[in-house]
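Presented below is the structure to which this report refers.
The values are calculated or read from the model by the stated rules, or taken from the named source; none is laboratory data. Fair warning: this is a prediction, and the values are worked out from it, not measured in the lab. Note that we place each Cβ from the backbone using ideal geometry, even for glycine, and neighbour counts take in every protein chain shown.
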Amino acid sequence: MSGRHFLQIPGPTNVPDRVLRAMDFPTMDHRGPAFAAVGTKALEGMKSVFRTESTVVIYPASGTGAWEAALVNTLSAGDKVLMYETGHFATLWNHLAQRLGLQPEFIAGDWRHGADPVAIEERLRADSGHEIKAVCVVHNETSTGSVTQIPEIRRAIDAAGHPALLMVDTISSLASIDYRHDDWGVDVTVAGSQKGLMLPPGLSFNAISEKALAAAKTAGLPNAYWAWDAMAEPNAKGYFPYTPATNLLYGLVEAIDMLHEEGLENVFQRHQRHGAAARRAVRAWGLEVLCLEPRHYSGSLTAVLVPEGQSADAFRRTTLENFNMSLGNGLSKIADKVFRIGHLGDFNDLMLMGTLSGVEMGLELSGVPHRRGGVQAALDYLSGREQTSASAA
Ligand code: PLP
């Protein structure tokens, strides 16, 4: 099919040419003198993206590895952890905790909201013996497009006077939705390369507070590949305890430069604006945004419910076959009921309009009942010509 493929799943995202070019160099000796500058720049640069003065580690692994690293470095067999069912990825993290021999307690959610701080505070207040060792939440639930307000979760833990560690998955929010590891009092942040960081898959990260580093000293779960303490010495000189993903690190350094050239605040605003435009398109089509709470709307992606009796997967197939565009699918509980529009990473107004045009044409072609005019509604919003008062951001 002629023309470029539109990769509009909510990650992996489009890799900008600058990042591709930065990786297109011979792989260097990862123990040689030239490498230290790359390693140091990557580690220091990630601190600026996490907004932390504390420790960052980088793994040659997908995000799942960084989930595991967060748990095995800080916890012991049988420890209770409190998790919140925001959607599919929170559920997978919960399964991973079970497999590691932890005792996760899963607060049920409806997959249409971020985590509820009131429910978390209540559960922590009831835990007077402080058996719960960690609270784990997903910042941007990629399966639903709902954002948990992390400062509210921090306040809930503090209000309960509970010492549990706070762990946050930012795999689809870091470098696209505002996030502050230090200011928000997070102990372990988990991230991955393939979304807001505009890289191919293959790197993942932990940002680690002093409190989490202290917990790691007494934690009992076995860990080797994921061990934070093995990182400290080589990382201090810009090296790694094993072979790093050298060329991905070249790309990471470039991607961090790009983020700072644009300015993180501008990056966040760009994503919010595209999210708002996409939601206007969805409403104009007469379809429903999956996230029900405006305060939880995501700047990274928009999950859209198709009308009862319609197949979201058939619509996505038609869109792929006819317009060469990939959209995200509905996962597990919401399989075939939802499609997801990714609008994160290296993305601009024209790319959003191309994407929304593809969705509108795909809806028409696959016979999903809808009204025309979603593309126009998004355009009116982007160009500042919107007439109606903001019914919802
Ligand atoms: N957490 C979230 C929020 C995700 O979106 C994903 C993947 O999409 C993961 C965890 C798992 O990461 P990975 O597939 O890179 O292992």
Open item on the list: Test of understanding: among ILE107, ILE150, which residue is over 17 Å from SER300 (Cα atoms) and β-branched (Val, Ile, Thr)?
Closed with: ILE107
TODO: Look through the stretch 173-227, keep the residues that are free of Cβ contacts under 8 Å to residues at least 40 places away in the same chain and hydrophobic (A, V, I, L, M, F, W, C), and return whichever of them is farthest from VAL57 (Cα to Cα).
DONE: TRP184
Open item on the list: Any residue that is assigned to a strand (DSSP E or B) and either crowded, with 20+ Cβ neighbours inside 10 Å or within 16 Å of the ligand (Cβ to nearest atom) (or both) - is there at least one of those in the stretch 208-226?
Closed with: yes
Open item on the list: Just to check your reading of the model, which residue among SER146, SER173 is within 16 Å of the ligand (Cβ to nearest atom), buried (at least 21 other Cβ atoms within 10 Å of the Cβ) and closer than 23 Å to GLU68 by Cβ?
Closed with: SER173
Open item on the list: Here is a list: THR318, THR302. Which entry is under 20 Å from the mean Cα position of the chain (by Cα) and among the hydroxyl-bearing types (Ser, Thr, Tyr)?
Closed with: THR302
Task: In the stretch 328-357, the residues that are under 25 Å from GLU308 (Cβ atoms) and in a loop (DSSP other than H, G, I, E, B) - done: GLY330, LEU331, ALA335, ASP336, LYS337
Task: Pair list, Cβ < 8 Å and 6+ apart or interchain, from the stretch 58-75 residues that are in the same structural domain as HIS95 (by TED's automatic domain parsing) and of a type in the set (Ser, Thr, Tyr) to residues that are more than 12 Å from the ligand (Cβ to nearest atom) and in a helix (DSSP H, G or I) - done: THR74/ALA212; THR74/ALA215; THR74/ALA216
Task: Residue within the stretch 31-41 that is outside the structural domain of PHE347 (by TED's automatic domain parsing), within 24 Å of the chain's Cα centre (by Cα) and of a type outside the set (Ser, Thr, Tyr) present - done: yes
TODO: State the number of residues belonging to the stretch 243-271 that are touching a residue at least 40 places away in the same chain (Cβ under 8 Å) and not in a helix (DSSP H, G or I).
DONE: 3
- [ ] Could you figure out which of (1) aliphatic (A, V, I, L, M); (2) away from the ligand (no atom under 16 Å from the Cβ); (3) more than 16 Å from ALA42 (Cα to Cα) isn't true of ALA232?
- [x] (3)
Open item on the list: So, in the stretch 82-107, exactly how many residues are more than 16 Å from the ligand (Cβ to nearest atom) and touching a Lys or Arg at 6+ places or on another chain (Cβ under 8 Å)?
Closed with: 5
Open item on the list: Could you check the stretch 47-67 and list, in sequence order, the residues that are assigned to a helix (DSSP H, G or I) and either surrounded by 23 or more Cβ atoms within 10 Å (Cβ to Cβ) or away from the ligand (no atom under 16 Å from the Cβ) (or both)?
Closed with: LYS47, SER48, VAL49, PHE50, GLY63, ALA66, TRP67
Open item on the list: Being assigned to a loop (DSSP other than H, G, I, E, B), more than 22 Å from the chain's Cα centre (by Cα) and surrounded by 12 or more Cβ atoms within 10 Å (Cβ to Cβ) narrows it down to one residue among MET28, MET1; which is it?
Closed with: MET28
